[in-house]
Amino acid sequence: MRSLTLVTSLAVAAGVMFALPNTAAAQSADFPTRPIKLMVATAPGGSADATARMIADGLTQAWGQPVVVENRTGANGMIAAQALTKSPPDGYTIYMSLSSIVQNLLLQPTPGYRMEELAPVSMVAILPIALAAPVQLPASNLSELIALARQKPGSVSYGSYGVGSGAHVIGVALNKKAGVDMTHIPYKGEADSFADMVNGRVSTAWGSVGFYANQLAGGKVKLLAVASPHRLKAFPNVPTLGEAGFAEANLAGFTGLFLPAGTPPAIVNKYSQAVAKAIATPEIQNKMVSFGYEPMTNTPEAFKKQLDDEMQKWSTIIRENNIKLQ
């Protein structure tokens, strides 16, 4: 009897072991069966918020379940990232982050999350960063700007949207590679630096391509260069920092989607494929381009590799130049 009982117990245990993976697979196949929350760390009305809402609409149409956007603002995205890591890894909470998700880990002493706690899903877009100057500045390209900085040390400055921001780090990298010392002036946002630039209080300013595309029509500014993997269709005559000889500073921003670590791979892949399909629609493509975004999706594996590369590039510049939040 004992032998029979033991055999029966082993058989039941084996059945449970085999059933668990099958149950998980079935749950992934049925996903989603209830509403989904898509967090974004920016306020309503901006480009990132609008992009998140278009993606949410695309997923809602594809899956037949509501995808609700939640604006979890504050602390440069750290509040939203922390909330994601505390969410169950079941696919019902997803986060669309900007590249601050990398920068926070390198600059903040206690960001409150680790990259290992996140499951990369897909890139959403590359966010090129433009270097703008007032039309009266006696430099029509990056080479002439650097020449001006060398001829008149201390006379050239650049505005960014904050200490430790992508614009700040790009400016530091450009200074080092070019051997100049353009003065960094941090602002609360690109609108503030733009106002000071056109009024002559700062020589140049970095900002999103979408923002400066809207300013060019006013005839007060010009673009000298752009941090982007390639030239932009909207500005084919504006070279990238890489083309200008400053590949180390050619650090475009990005936005991408993350789930909590431990989310079943089938659900991660289901998101990646559905997001790629949604972003491929002409309507979303055109709208994102109007924001100054370069739509781009990839697989979870490719996105993870890209994040590793981004961590390495940003880390090198921040460490070598001792960049710290003030």
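The values are calculated or read from the model by the stated rules, or taken from the named source; none is laboratory data. As the structure is a prediction and not an experimental result, all values here were calculated from the model. Don't worry about glycine lacking a Cβ; one is built from the backbone with ideal geometry, like all the others, and counts go over all protein chains shown.
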### Task
Identify the residue in region 1-39 that is among the β-branched types (Val, Ile, Thr) and out of contact with any Ser or Thr (no Cβ under 8 Å at 6 or more places or on another chain) and, among all such residues, is modelled with the highest pLDDT.
Thr33
### Message
Can you find a residue that is outside any helix (DSSP H, G or I) and either basic (Lys, Arg) or at pLDDT 95 or above (or both) anywhere in region 160-178?
### Response
no
### Message
Suppose we filter Phe235, Phe254 for residues that are in contact with a strand residue (DSSP E or B) (Cβ under 8 Å, 6 or more places away or on another chain) and surrounded by fewer than 20 Cβ atoms within 10 Å (Cβ to Cβ); which single one remains?
### Response
Phe235
### Task
Could you list all residues from region 199-210 that are surrounded by 19 or more Cβ atoms within 10 Å (Cβ to Cβ) and either touching a residue at least 60 places away in the same chain (Cβ under 8 Å) or not in a loop (DSSP other than H, G, I, E, B) (or both)?
Ser203, Thr204, Ala205, Trp206, Gly207, Ser208, Val209, Gly210
### Message
Here are the criteria: (1) surrounded by 18 or more Cβ atoms within 10 Å (Cβ to Cβ); (2) modelled with pLDDT under 95; (3) in a loop (DSSP other than H, G, I, E, B). Tell me which single one Pro109 does not satisfy.
### Response
(1)
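For Gly245, state whether it is part of a loop (DSSP other than H, G, I, E, B), at positive phi and not assigned by TED's automatic domain parsing to the domain that holds Ala147.
No: the conditions fail for Gly245.
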### Query
So which residues in region 279-290 are buried (at least 21 other Cβ atoms within 10 Å of the Cβ) and either modelled with pLDDT under 95 or of a type outside the set (Val, Ile, Thr) (or both), if there are any at all?
Met288
### Task
Look through region 59-80, keep the residues that are touching a residue at least 40 places away in the same chain (Cβ under 8 Å) and surrounded by 21 or more Cβ atoms within 10 Å (Cβ to Cβ), and return whichever of them is nearest to Lys324 (Cα to Cα).
Ala80
### Query
Restricting region 284-326 to residues that are among the acidic types (Asp, Glu), part of a helix (DSSP H, G or I) and in contact (Cβ under 8 Å) with a residue 40 or more places away in the chain, which is farthest from Gly242 (Cα to Cα)?
Glu320
### Task
Considering each residue of region 25-56, count those that are free of Cβ contacts under 8 Å to residues at least 24 places away in the same chain and touching a strand residue (DSSP E or B) at 6+ places or on another chain (Cβ under 8 Å), and give that number.
3
#### Entry: Single match in Ser315, Ser290 (criterion: under 20 Å from Gly77 (Cα atoms) and among the hydroxyl-bearing types (Ser, Thr, Tyr))
Ser315
### Task
List every residue pair whose Cβ atoms sit under 9 Å apart, with the two residues 6 or more apart in sequence or on different chains, where the first one lies in region 168-192 and is in contact (Cβ under 8 Å) with a residue 60 or more places away in the chain and the second, anywhere, is among the basic types (Lys, Arg).
Ala178/Arg150
### Summary
How many residues of region 179-198 are surrounded by fewer than 16 Cβ atoms within 10 Å (Cβ to Cβ), assigned to a loop (DSSP other than H, G, I, E, B) and out of contact with any Pro (no Cβ under 9 Å at 6 or more places or on another chain)? The answer is 3
### Task
Filter region 71-106 down to residues that are of a type in the set (Gly, Ala, Ser) and in a loop (DSSP other than H, G, I, E, B) and give me whichever is modelled with the lowest pLDDT.
Gly74
### Query
Can you name every residue in region 295-311 that is modelled with pLDDT under 95 and within 22 Å of Thr110 (Cβ to Cβ)?
Glu310, Met311
### Summary
Within region 52-87, the residues that are more than 13 Å from Tyr271 (Cα to Cα) and either outside the structural domain of Ala261 (by TED's automatic domain parsing) or touching a Gly at 6+ places or on another chain (Cβ under 9 Å) (or both) are Ala75, Asn76, Met78, Ile79, Ala80, Ala81, Gln82, Thr85
### Query
When Ala149 is evaluated against the numbered criteria (1) at pLDDT below 95; (2) farther than 20 Å from Arg319 by Cβ; (3) not assigned by TED's automatic domain parsing to the domain that holds Lys287, which criterion, by number, is the only one it fails?
(1)
### Query
Do you know which of the residues in region 257-274 that are polar (S, T, N, Q) and crowded, with 20+ Cβ neighbours inside 10 Å is nearest to Gly91 (Cα to Cα)?
Thr263
